[in-house]
Structure formats: structure tokens, C-alpha cells
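One structure below.
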Amino acid sequence: MMSLPRKVLLQISKWLSLEERMTHLAPVCRYLYDVMHDSSLWRTVYSNAEFTLHSFNSLFRHDRDLRHLGIRHSQRSLTFITDAFFIEQKLMNCCNLISLDLGYNTSIFSLHFVRHMPSLRELDITSCQNITLESLVTSLYKKSTLEILRMPNCFQVDGISLVSVVKSLPDIKIVDAGGCETISVNQARDILQNCQLSEFSFSPNWDPPDLWERLFTDFKHVKLGDLTL
């Protein structure tokens, strides 16, 4: 493998997971180590693995190269051996991110790092139930560039906070808030009247069915998902 040209190795490596690259190839020799750390391999990284401290630090060595990042796991092992807000501090340096997926990451307690991501267009915090409501609200409030916000099953998000945050996002197009606290038909209408949404998923409360039907008619151009009447 060491005889292969760098361009060929880079193409092969794009089909491998982060764990495969860093665990099986990077330690082999200096040549492969350098190839595995080529900036082109670090623009898009998605992982469902539980990171070791070594692999996590290897990832964030390339924090400025990252454009699309997914860390979809609890990451509990990191919390046992690192200081508080260790992950959040690392994310703060990812200033060029366009999309960030933290689904099911129960080791995240704050979203303050999104204020340091001026190009962030998509954020997924599915089931990130340990993020404090105060942090979520203050960090996302008026966050320009954010077009897609997915936060299903974040039950700590109450209806008033949801309305306030979504209405404040100037570029928002898609919101998935199913499994957050229920919202009323008036709260749903408030969001839809003040935002140019193409998709909106939420958990409705038990307002009269005819009011919901009227909402669906008035905003039939919007894909309304995860509704239980």
C-alpha cells in the first residue's frame, strides 16, 4: 500500500470510516500517517462510534478543515476522563462548519459553540436531552444562516421557548421539534405566519380539531409532519 500514489490512497481512504483510517492505517508508517491527516479527508466526518480520547483529539486536530461533522453517540466514555464541557470547548474551534449532527449525544450540556460558527446552516440535536433550556435558547436566538434545525425528543424545550427561538431565526426553512413540549394551534400559527418554513414537525396539544384543520388549510404549502390529533 505504501507504494500507491498519494492521490490513489486519498480516494481509497474516502470510503473508510474515521475509525478505520485512524486505527488501522495511520499507525502503520509516517507516509500513511501523513496521508490520513490530509485536509481533504477531514471536510466531511460522520461517526456513530464511541470515541476514545485519542481518536477524538485526532479528529479535532482538523477543526478548521471540518465542514460537515456528525458525532452521533452518547460519548459517555469521554466524560469520565475529561473536564466539564470538554466536547463543547473542542467544537468552539470548528469555525467553518456548515452542518453539525450531535444526535443522541448525551454528553453535550451547552450549545454556546454555535455562536462561533458563522456559516452553520444545519444543526441536528436529536434526543440531546441534557442541553439546558437556557443554553439552547440563548445560543440559537437570532442565529443567522441557520436553515435547518432538528431537535426531536428534546423534551426540555417548552412551547414558549420553541416559538421564541424559531421566530427569531431569520433564515430558517425546516424545523423538526416532534417530541418537544406540545404547542397550541395559536403557537403553531404564530411560527408559520412569521417564518418562511417549508417543513415543520411538532407535537400539538388538544385544541379543537376544526382549528387544526383550518391551520392545515391556511398553510397547506408547508409540509406539516409528526402531528397527532
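The values are calculated or read from the model by the stated rules, or taken from the named source; none is laboratory data. Keep in mind that what you see is a predicted model, and the values were worked out from it rather than measured. No Cβ is skipped: glycine too gets one built from the backbone with ideal geometry, and neighbour counts run over all protein chains shown. Note: areas computed on protein heavy atoms with side chains; ligands, DNA, RNA excluded. Shrake-Rupley method; radii C 1.70, N 1.55, O 1.52, S 1.80 Å.
Side notes on the structure shown:
- Qualifying residue in the range 16-26 (condition: open to solvent by 10 Å² or more (accessible area, probe 1.4 Å), over 19 Å from SER107 (Cα atoms) and in a loop (DSSP other than H, G, I, E, B)): yes
- Within the range 162-181, considering residues that are within 25 Å of ASP210 (Cβ to Cβ) and in contact with a Leu (Cβ under 9 Å, 6 or more places away or on another chain), the one surrounded by the most Cβ atoms within 10 Å (Cβ to Cβ): ALA177
- Enumeration of residues in the range 182-229 that are surrounded by 18 or more Cβ atoms within 10 Å (Cβ to Cβ) and in contact with an Asp or Glu (Cβ under 6 Å, 6 or more places away or on another chain): VAL185, SER201
- The single residue among SER161, SER144, SER168, SER184 that is of a type in the set (Gly, Ala, Ser) and closer than 23 Å to LEU69 by Cα turns out to be SER144.
- Taking the range 88-119 as the range and being part of a helix (DSSP H, G or I) and either more than 23 Å from ASN153 (Cβ to Cβ) or open to solvent by 10 Å² or more (accessible area, probe 1.4 Å) (or both) as the test, the residues that pass are GLN89, LYS90, HIS112, ARG115, HIS116.
- Single unsatisfied condition, ASN57 versus (1) modelled with pLDDT of 85 or more; (2) touching a helix residue (DSSP H, G or I) at 6+ places or on another chain (Cβ under 8 Å); (3) of a type outside the set (A, V, I, L, M, F, W, C): (2)
- Residue that is nearest to LEU102 (Cα to Cα), among those in the range 145-161 that are open to solvent by less than 50 Å² (accessible area, probe 1.4 Å) and out of contact with any helix residue (DSSP H, G or I) (no Cβ under 9 Å at 6 or more places or on another chain): PRO152
- Checking each residue in the range 133-168 for being among the β-branched types (Val, Ile, Thr) and touching a Ser or Thr at 6+ places or on another chain (Cβ under 7 Å) picks out VAL137, THR145.
- Extreme residue, surrounded by the most Cβ atoms within 10 Å (Cβ to Cβ), among residues of the range 66-84 that are assigned to a loop (DSSP other than H, G, I, E, B) and modelled with pLDDT under 95: GLN75
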